Each structure stands twice: as structure tokens, then as C-alpha cells.
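**Student:** Pasting in a structure now, in C-alpha cells, and then I'll have a few things to ask.
Nothing in this text is a laboratory measurement; each read-out follows from the coordinates by a stated rule. Source: prediction; values computed, not measured. Glycine also receives a Cβ, built like all others from the backbone with ideal geometry; neighbour counts cover every protein chain displayed.
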Amino acid sequence: MESILQTAKNLLLPALRKGGTAADFTMGNGHDTLWFSQNLPGGTVWAFDIQPAALEATRRLLTENGAGENVRLILDSHSNLDRYIDGELDAGMFNLGYLPWADKSVTTKQETTLVAVEKALSRLKVGGVLVIVVYSGHEEGRLEGEALQARLSRLDHKKWDVLLHRLIHVPTCPYILAAERRK
């Protein structure tokens, strides 16, 4: 089986269109931002994080890989995405939790994540995909995942396809929630 992050990217890939728009709502170390940048020719990638160290790590990774001309790095909460993104999104990615090498007490929070997910869903084009990787191995991650599952399970099945992808024998492993706008 492929890794959870590879599965997440495979879910996003069909939604990416030349000249399109994508958002990495939790830039962290910049790996998802770089991937979007490399897979969205002529498009725009918005990347959000609240930690200056994440922005610098992402900027460094983009530079090292000769990428990033199409990336807008935003030092702000993903819940404020509407201050920056005016139009529609082809794809979006949330990789929740904490910055691996940084202060683990600084995590994404269900309150701001739910606001950001609502705003991201409202901006998805038909055929657009939003992928959320949930890390339920810590308390805030568990709560975030439960709240997101409750919210996404209420999306209109005539307009949305919603997926839960997880290993069932490891209850604390990361898992994917994904939503695709059908109509």
C-alpha cells in the first residue's frame, strides 16, 4: 500500500488543471506546497501557516527545488483564507497537527480548521477536491477529526462525494477525509 500522504496527493491530482488554483492550508515544511507548485503549471498556489519557521522552511524548500514562482506564502491562519483568495479553487490540502520539528503544543485547532474547511468547500469548483489528513494520535487531533467527520458527513450527497480512508487496525494512525464537489 502507498503512504497516506501519497494517497492524499493521488486524490488531488485529477482536480489540478493548467492555470488553476490550489491551496495548501497548512504549509508546515513545504512539501505539499512544493508538490502543488510542480503539478499546477501556469496556476497559483496559496500556502498558509501561522508559524514564521514554517514559512521560512517552505521558502527554502521551494528555492532549493527551483520552484515557487506560482506560490503565494501567507503568514496567517487558514481560517482567514477569504482575505487572500478571491476566486474558486481546483484543489486544497490540509495536513493537520503540528510542525514536526517545532513546538508540539502549537497545533491546528478544530475551531479554526472547521472555519477554514467551510470556506474552502464554498470555493471549490465542480470537480474540485479538498483533502484533509487528520492526525488523531494526540488529543486535539482526535477532536479535530471527530468534528470534521461530523461536518463532512452532513454534506448533500447529491452535490458532494465524501471519503474516509484509514487503516482500521491502527486507531491512532493518520487518516484522510476528502470531499469532491459534484454539482
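**Student:** With bins 10 Å wide starting at 0, give me the P(r) of the chain over every alpha carbon pair, in whole percents.
**Tutor:** Using 10 Å bins, I get a P(r) of 10, 41, 39, 10, 0 for the chain.
**Student:** Could you please rank 156, 32, placing first whichever residue has the fewest other Cβ atoms within 10 Å of its Cβ? Intermediate results must be reported in sequence, preceding the final value.
**Tutor:** Values: 156 8, 32 27.
In increasing order of surrounding Cβ atoms, one gets 156, 32.
**Student:** Please give the net charge around residue 178, taking every other residue with its beta carbon less than 12 angstrom from that of residue 178, where Lys and Arg add +1 and Asp and Glu add -1. Numbers along the way, then the final one.
**Tutor:** Numbers: positive: 9, 166, 181; negative: 161, 180.
Local charge sum for residue 178: +1.
**Student:** Additional query: Please state the shape class of the range 43-82: rounded when a/c is under 1.5, otherwise prolate if a/b exceeds b/c and oblate if not, all from the C-alpha gyration tensor. Walk me through the numbers on the way to the answer.
**Tutor:** Values: a/c = 4.22, a/b = 1.36, b/c = 3.10.
Since a/c reaches 1.5 but b/c is at least a/b, the shape of the range 43-82 is classed as oblate.
**Student:** Something else about it: In whole percent, what relative contact order does the chain give with Cα contacts below 8 Å and a gap of six or more residues?
**Tutor:** 20 percent.
**Student:** Another question, then. For residue 137, which sequence-distant residues (separation of 5 or more, or a different chain) have an amide H within less than 5 Å of its own amide H, given hydrogens modelled in the peptide plane?
**Tutor:** Correct list: empty.
**Student:** Also: At 222 nm, what value in deg cm²/dmol follows for the chain if DSSP H runs of at least 4 each add -39500 (n - 2.57) and the sum is divided by all its residues, to the nearest 500?
**Tutor:** Working: 5 runs with 59 residues, N = 183.
Taking each H run of at least 4 residues, the total per residue is -10000 deg cm²/dmol.
**Student:** Got a sec? How would 107, 26, 172 order by Cβ neighbour count within 10 Å, fewest to most? Write out the running numbers ahead of the final one.
**Tutor:** Numbers: 107 18, 26 25, 172 12.
With the fewest neighbours first, 107, 26, 172 line up as 172, 107, 26.
**Student:** Could you identify which residue out of 20, 141, 87 has the top mean-square fluctuation in a GNM of the chain using Cα springs shorter than 10 Å?
**Tutor:** The residue that fluctuates most here is 87.
**Student:** Here's something else I'd like to know. Highest mean first, what order results for 44-51, 159-166 on Cβ atoms within 10 Å?
**Tutor:** Values: 44-51: 23.2, 159-166: 14.2.
Final packing ranking: 44-51, 159-166.
**Student:** Given labels modelled 7 Å from the Cα in the Cβ direction, how far is it in nm from residue 39 to residue 80?
**Tutor:** 2.9 nm
**Student:** Right, something else. Keeping to pairs on different chains or 8 or more places apart, tell me how many lysine pairs in the range 1-147 have Cα atoms under 24 Å apart.
**Tutor:** Numbers: 9/18; 9/109; 9/119; 9/125; 18/119; 18/125; 109/119.
Taking the range 1-147 as the scope, the lysine pair count is 7.
**Student:** I'd like the Karplus ³J(HN,Hα) series for the range 158-172: coefficients 6.51, -1.76, 1.60, θ = phi - 60°, whole numbers in Hz, and an x wherever there's a Gly or Pro.
**Tutor:** Residue by residue, the range 158-172 yields 7, 10, 9, 10, 10, 10, 10, 10, 7, 7, 8, 9, 10, x, 9 Hz.
**Student:** If you don't mind, another one. Restricting things to Cα coordinates, could you compute the convex hull volume per residue of the range 136-183 in Å³?
**Tutor:** It comes to 62 Å³ per residue, whole-number rounded.
**Student:** Can I ask one more? Applying the Karplus parametrisation 6.51 cos²θ - 1.76 cosθ + 1.60 with θ = phi - 60° to the phi angles of the range 77-87, what ³J(HN,Hα) value in whole Hz is obtained for each residue in order, glycine and proline being reported as x?
**Tutor:** Residue by residue, the range 77-87 yields 5, 4, 5, 9, 4, 5, 6, 10, 9, 8, x Hz.
**Student:** Right, here's the next one. Take the alpha carbon gyration tensor of the range 17-106, find the square roots of its eigenvalues, order them as a ≥ b ≥ c, and report rounded if a/c is under 1.5; if not, report prolate when a/b exceeds b/c, else oblate.
**Tutor:** Details: a/c = 2.03, a/b = 1.32, b/c = 1.54.
Cα axes put the range 17-106 in the oblate bin.
**Student:** Dipole of the chain (Lys/Arg Cβ +1, Asp/Glu Cβ -1, origin at the Cα centre): which of 79, 58, 168 lies farthest to the positive side?
**Tutor:** Result: 168, furthest along the dipole toward the positive end.
**Student:** Using only the Cα atoms of the range 51-156, build the gyration tensor, take square roots of its eigenvalues as a ≥ b ≥ c, and label the shape rounded, prolate or oblate: rounded if a/c is under 1.5, else prolate if a/b is larger than b/c, else oblate. Please list the in-between numbers first.
**Tutor:** Values: a/c = 2.02, a/b = 1.14, b/c = 1.76.
Judged from the Cα gyration tensor, the range 51-156 comes out oblate (a/c at least 1.5, b/c at or above a/b).
**Student:** Can you tell me, using C-alpha contacts under 8 Å and at least 6 residues apart, the relative contact order of the range 115-183 as a whole percent?
**Tutor:** In percent, rounded to a whole number, it is 42.
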